[in-house]
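K.L.:
Dropping a structure here in structure tokens format, bear with me for questions.
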Amino acid sequence: MAQGRHDEAEAALQRLVDLEPGNSFAVDALRHEERRRHLEATNLMLATGDYHQLRLFLARIEKEGASSPELLTLRSVADGLEALTAVCARRPWETSGDVEKALDDLEPHVAALADSSRFQEFHRQLQSDLAVLRERELQAKIDAALTALDEAAFVGVDTVFAQAEAFRRNFPQHMFSKCWQELPTLTTAAALRKLVGSGAGMATADSRTALAVAGVMVWERLAPPVQAELAKMMSRESKSLPLCRRWIVVRQMDTKAGYEDLLVRLRAERPQLGLPSALVARYVSKGLVSSQEQLAWCWQSPCPGVTELFSRLQQIRTKNNPNSTRKK
């Protein structure tokens, strides 16, 4: 036994037990060598991942009455390792649901595998992966909802306020709620800078977009200094401006050239998008039709019909087309 010649030791102990059945040393030592041999065999099956054969082997040993606490522990370890192997085969994780499923599958085996520091590290990594994926998925939902809200506010669709309320319900901690609620109450540029500075997440692109969307939705209720400061903030962005940030910059400039440039760019970049009704109205009033010309009968109706609308278009065409005449 001291030299590791276990087969010879077990054979010698068996002969000793046969000669002296009452020899407690021989009986205990033989039992010890049997457990060692069983553990050696089970460890080999664990190392090769032969879990089915391991279960059969442990069942046979238990049936023969030769089981031990160590072997019973290895049976639960085998189940845990088999579950762990199946979990690892499903990597890499694509969604938080994948990681949740992995953690659920491992949960019944955590106690059996808890002695392994590598398993504990793997389990902690799974929990970290779950948090990262959940945050990523939440941000993707926010981005999609905010993009839709940006388009709705820019165009001025009837459903924009319903969409805004839905966004607030779904993402109550987002900066949009604070901006939408507090912007109309501000009276100075300093107050706006304070509001923006108070938002821990205002450095992120989606928070700046949220500020622009809220600004468009309450633009007519904003104090002039707040409008000017908001436009100044929006004009600092140089790449891929969200629609509402373009809206604010152009609306504050309030020039015919600015409106024309935006409308031309929209046709080129987003031909499927409707035109912003508020900006089109300002464009018409700035250059196409003067305030004096808007005193004509066709501009007076609050609910214009086909005749009024046709007359307005005719007036605009006649004024802005040098080849047109009033007879045309």
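K.L.:
Between Asp261 and Glu64, 0.36 nm times their residue separation minus their Cα-Cα distance comes to what?
P.N.:
Working it through step by step, the gained length comes to 62.0 nm.
K.L.:
Can I ask one more? To the nearest 500 deg cm²/dmol, what mean residue ellipticity at 222 nm is calculated for the chain from DSSP H runs of n ≥ 4 alone, each contributing -39,500 (n - 2.57), summed and divided by the residues?
P.N.:
-22500 deg cm²/dmol
K.L.:
Once Rh for segment 80-186 is found with the Kirkwood sum over Cα pairs, what is the Stokes-Einstein diffusion coefficient at 37 °C and 0.692 mPa s, in µm²/s?
P.N.:
194
K.L.:
Once phi is turned into ³J(HN,Hα) by the Karplus curve 6.51 cos²θ - 1.76 cosθ + 1.60 with θ = phi - 60°, what whole-Hz value does each residue of segment 257-273 show in order, with x for glycine and proline?
P.N.:
Going residue by residue, I get 4, x, 5, 4, 4, 5, 5, 5, 5, 5, 4, 7, 8, 9, x, 7, 8 Hz, with x marking Gly and Pro.
K.L.:
Shifting gears a bit: Compute the projected area of the convex hull of the Cα atoms of segment 9-79, averaged over all viewing directions, and report it in nm² to one decimal place.
P.N.:
In nm², the orientation-averaged hull projection of segment 9-79 is 4.9.
K.L.:
Against the longest alpha carbon principal axis of the chain, how many degrees, from 0 to 90 and to the nearest 10, is the axis of helix 51-63 turned?
P.N.:
40
K.L.:
Hey, what's the per residue convex hull volume over the C-alpha atoms of segment 1-160, in cubic angstrom?
P.N.:
Per residue, the Cα convex hull of segment 1-160 comes to 142 Å³.
K.L.:
Between Gln14 and Thr185, what length comes free when the chain is fully extended (0.36 nm per residue of separation minus the Cα-Cα distance, one decimal in nm)?
P.N.:
52.1 nm
K.L.:
Of all the Cα-Cα pairs you can form in the chain, what percent are over 32 Å apart?
P.N.:
Pairs farther apart than 32 Å: 59 percent.
K.L.:
If the chain between Phe25 and Ser128 were fully stretched, how many nm would it gain, using 0.36 nm times the residue separation less the Cα-Cα distance?
P.N.:
31.8 nm
K.L.:
List, in order, the whole-Hz ³J(HN,Hα) value for each residue of segment 97-103 obtained from phi through the Karplus relation with A = 6.51, B = -1.76, C = 1.60 and θ = phi - 60°; use x for Gly and Pro.
P.N.:
With coefficients 6.51, -1.76 and 1.60, one gets x, 4, 6, 4, 5, 5, 5 Hz.
K.L.:
Which GluC sites (Glu not before Pro) from segment 42-94 combine a DSSP loop assignment with at most 16 other Cβ atoms within 10 Å?
P.N.:
In loop regions of segment 42-94 (DSSP not H, G, I, E or B), the sparsely surrounded GluC sites (Glu not before Pro) are Glu64, Glu94.
K.L.:
On a 0 to 90 degree scale, rounded to 10, what angle separates helix 306-320 from the longest Cα axis of the chain?
P.N.:
Around 80 degrees separate the two axes.
K.L.:
Normalised radius of gyration for segment 146-287, please: alpha carbon Rg relative to 2.2 N^0.38 Å, two decimal places.
P.N.:
0.99
K.L.:
Report ³J(HN,Hα) in whole Hz for each residue of segment 133-149, in order, from the Karplus equation J = 6.51 cos²θ - 1.76 cosθ + 1.60 where θ = phi - 60°; Gly and Pro get x.
P.N.:
5, 4, 5, 5, 5, 5, 5, 5, 5, 4, 4, 5, 5, 6, 5, 5, 5
K.L.:
Can you sort Arg245, Arg136 from fewest to most other Cβ atoms within 10 Å of each residue's own Cβ?
P.N.:
Arg136, Arg245
K.L.:
To make sure I understand, if each residue's beta carbon is the centre and we count other beta carbons within 10 Å, what order do Ile248, Ile61, Ile316 fall in, fewest to most?
P.N.:
The fewest-first ordering by Cβ neighbours comes to Ile316, Ile61, Ile248.
Where a number appears in this text, it was derived from the coordinates with a stated rule and is not lab data. This one's a predicted model, so the numbers in the text were calculated from it and none came from an experiment. All Cβ positions, even for glycine, are placed from backbone atoms using ideal geometry, and neighbour counts span all protein chains on display.
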